[in-house]
Amino acid sequence: MHGPDATGAAADPLAIEPAPGAGHHDLRGRDDLAALIEAFYLRAFADPFIGPIFTDVAKMDLAHHLPIMCDFWESVLFDAGTYRRNALGLHVALDANHPLTEAHFERWLVLWRQTVDDGFTGDVADRAKVQGERIAASIRRRLAGGTGSAYETITTRERLEEGGTIDGPRSDGTTGGEG
């Protein structure tokens, strides 16, 4: 369905089309992941903001990349254990050639959420969106030199002492600010 829809508007040629009569369903396995991932990357490649990163910088070959990404998402969503590569290393190398900004990750997430929502609905589809957000945030933190953990930004007493926000221990074993 690449012509106008029932309202006369042009249909999105990159949208996922459910099987006839099936409507939207939850992600059920590798075939659904392949449809989702292919639709996502076609949308991402066509995006004027992040598309050139995929097509011109990474020179991504979708036919080669699709099974790898299916392994990744199958492992993330279905605990399949099929992905055995280093996703972070690829993003570090990409970032070295073309710095990845917060805006790039945000655009990736918008396109990911839209593509999931266009083709699927249910618990696993919702988990795909949440996991996409977590993975993007972790990669952003790692590229910025952090550990990738969302918990590394939790302030500890030691960090507060190092930053001079609170007094360190007193000679009597108590800390400044205690009554």
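Of the numbered criteria (1) over 16 Å from the mean Cα position of the chain (by Cα); (2) surrounded by 17 or more Cβ atoms within 10 Å (Cβ to Cβ), the one Leu33 fails is (1). Within the stretch 60-80, residues that are of a type outside the set (Asp, Glu) reach partners that are assigned to a loop (DSSP other than H, G, I, E, B) with beta carbons closer than 7 Å, at six or more positions or on different chains, in the pairs Ile68/Arg85; Phe72/Tyr83; Ser75/Gly81; Ser75/Thr82; Ser75/Tyr83; Leu77/Leu27. Between Arg127, Arg113, Arg134, the distinction of being of a type outside the set (Asp, Glu), open to solvent by 50 Å² or more (accessible area, probe 1.4 Å), in contact (Cβ under 8 Å) with a residue 40 or more places away in the chain and not in a loop (DSSP other than H, G, I, E, B) belongs to Arg127 only. In the set (1) under 15 Å from the mean Cα position of the chain (by Cα); (2) open to solvent by 40 Å² or more (accessible area, probe 1.4 Å), the condition left unmet by Gly145 is number (1). Looking only at the stretch 47-65, residues that are over 18 Å from Leu100 (Cα atoms), open to solvent by 50 Å² or more (accessible area, probe 1.4 Å) and assigned to a helix (DSSP H, G or I) come to 2 in all.
The values are calculated or read from the model by the stated rules, or taken from the named source; none is laboratory data. Values in this document were obtained by computation on a predicted structure and should not be read as measured data. Neighbour counts run over all protein chains shown; Cβ positions are idealised from the backbone, glycine included. Keep in mind that these areas ignore ligands, DNA and RNA; they rest on the heavy atoms of the full protein, side chains included. Shrake-Rupley method; radii C 1.70, N 1.55, O 1.52, S 1.80 Å.
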